[in-house]
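Accompanying notes for the structure given below.
No value in this document is a laboratory result; all are computed from the given coordinates. Because the structure is a prediction, the values reported are computed rather than measured. Positions of Cβ are generated from backbone atoms using ideal geometry, with glycine treated the same way; all protein chains shown enter the neighbour counts.
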Amino acid sequence: MTMKPPEPAKLPKLSEEVIAWFRARFEEANRGVTENLVNNPNARETTLDDALLAPLQKRQAPVRFPDGTVVQMQVHNIGGLRRLYRWEVADIGVLVTVSHGGVVQGQKIGVLQAKRLYPRNNDVLDEDPEGFKYGLNGFLFPDPISALSKINTVFDFDEDCRYGAMSNSSEQTETIERFEREFGTATSYLFYNPADVPDTMHFPATSYRTLIDPPPLGARVVSVEDVHAVLAELDAGQSPTLASIREGARPHRRLEEWAEDLLRCRVGVPFDRSMDEMVKRLLVRRSGPIGAVISFSIALPGEG
């Protein structure tokens, strides 16, 4: 039987100003990725990952707060072999390190496995290993009828739409469960949704939709345990609907709520050197399963 490592120290208590800033960054990311989805309703999941990271990448300068705390965010969008092969643990890692006087006081990690909601017509750009290897030739020598095939396409989203890239009894669910048995509840599902449902988008588009306020639905985070409980009720190979995830998986956190809970040590796992194998497996190896890492370094007052 695999033994879990000893529970390391949790994060020190952080000021409400720092937590609010942290939450605001992920609120911007939520709005950014949701705006991308409502304007590109057939976008592949990796494109939406990039859209989530784009607002964060603009905020990488260090920030000093009134109490003297300094926070720096770094975004490492490394891509990796997951874009060519199927890596099954998670897509995005969020790492928080808190230090004081040059000494690390605590670290937390949370990792997110992203899944997008499919429209009624299931017209979504899937990962294409052969196309990936073909490279830029696909742009230099495009299929002349590819654009024409998108004319007058309708994308309807409602509660009965499905997360088409996940299913019951899949290799992915088994791999994630095995990872959690070894390293704890570090992983959650990140669901990319439209701003709200029902909603309809049309190709060709006649305007660009800009989101000013936080989307009522948008990007949501749900625990692996709750999602897999929903999957267990489905027939083999069946994908869950938005309604089934909303009803069967609680809490159904907004992305920014999950980020705040990470700082408040309600989600994710703390780690130290005893958990090096987890960090190496997820973050260090260039061929590993994580496509992007969002790292926050927080220096408490008195760092010097």
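Quick notes on this structure:
- Put a dot 7 Å past the Cα of THR153, heading toward its Cβ, do the same for GLU233, and the two dots end up 3.2 nm apart.
- Calculated FRET value between PHE65 and ARG209, using beta carbons and R₀ = 51 Å, to 0.05: 0.90
- Other residues with beta-carbon under 14 Å from the beta-carbon of ALA24 carry, at +1 per Lys or Arg and -1 per Asp or Glu, a net charge of -2.
- Per-peptide packing, taken as the mean over residues of other Cβ atoms within 10 Å, places 259-271, 48-60, 95-107 in the sequence 259-271, 48-60, 95-107 from highest down.
- Potential extension, ILE78-ARG264 segment - 0.36 nm per residue separation minus Cα distance: 64.2 nm
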